[in-house]
Amino acid sequence: MDREKLAARIKETAYLEGEFTLRSGRKSNYYLDKYRFETRPDILAELGKRFAEFAGDTTTLIAGAELGGVALAAATSLASDLPFIIVRNSKKGYGADNLFEGVLEQGASVLLVEDIATTG
């Protein structure tokens with residue numbers, strides 16, 4: 001899928017118009033609902049391939065922040081054949097009480113895959 005077709009697929013699947021309050025608190029007349037495009041196999045697979053292109057020769061691990069970055073990290077992991085971890089917003093407070101799920105070894109070279117950012 002070329003860049004233009006990918007952009008069109010994302011827009012037709014996830015672009016909404018109306019009155020929205022963004023996480024930053026700002027108001028917007030449009031919203032890109034990432035879960036609508038992250039749950040579409042054709043879009044997710046293509047994004048995984050494109051993100052995998054950023055994994056350099058020294059990258060050993062993909063990371064995705066919960067919740068929006070998890071599907072993207074998994075798709076990137078599949079496309080790059082590299083393992084991935086899930087970075088939690090906070091420790092869960094039970095079980096192993098991890099701040100991340102998966103195996104993070106010291107010295108790992110990590111490609112962080114993130115979902116949409118509105119404020120940078």
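Rule-based calculations on the coordinates, nothing more; no lab input. Note that the structure is predicted; figures quoted are calculated from it, not measured. A quick note on method: Cβ atoms are made from the backbone with ideal geometry, for glycine too, and the neighbour counts reach across all protein chains shown.
Given an 8 Å cut-off on Cα distances and at least 6 residues of separation, report the relative contact order of the chain as a percent. Reported as a whole number, the value is 23 percent.
Listed by number, the DSSP H helices of the chain that run 18 Å or longer by alpha-carbon position along their axis and have mean Kyte hydropathy of at least -0.5 are 68-80.
What FRET efficiency would be calculated for the residue pair LYS11, GLN106, taking the C-beta separation as r and a Förster radius of 35 Å, to the nearest 0.05? After rounding to 0.05, the efficiency reads 0.25.
Give me the count of lysine pairs in the chain whose alpha carbons sit under 22 angstrom apart, restricted to pairs 8 or more positions apart or on different chains. Value for the chain: 6. Global size of segment 3-113: 15.9, 46 Å for Rg and Dmax (C-alpha atoms, Rg to one decimal, Dmax whole).
Would you mind calculating the relative contact order of segment 1-58 from Cα pairs under 8 angstrom and at least 6 residues apart, reporting the percent as a whole number? Write down the numbers at each step before the final one.
Values: 46 pairs, mean separation 16.5, N = 58.
Across segment 1-58, relative contact order equals 28 percent.
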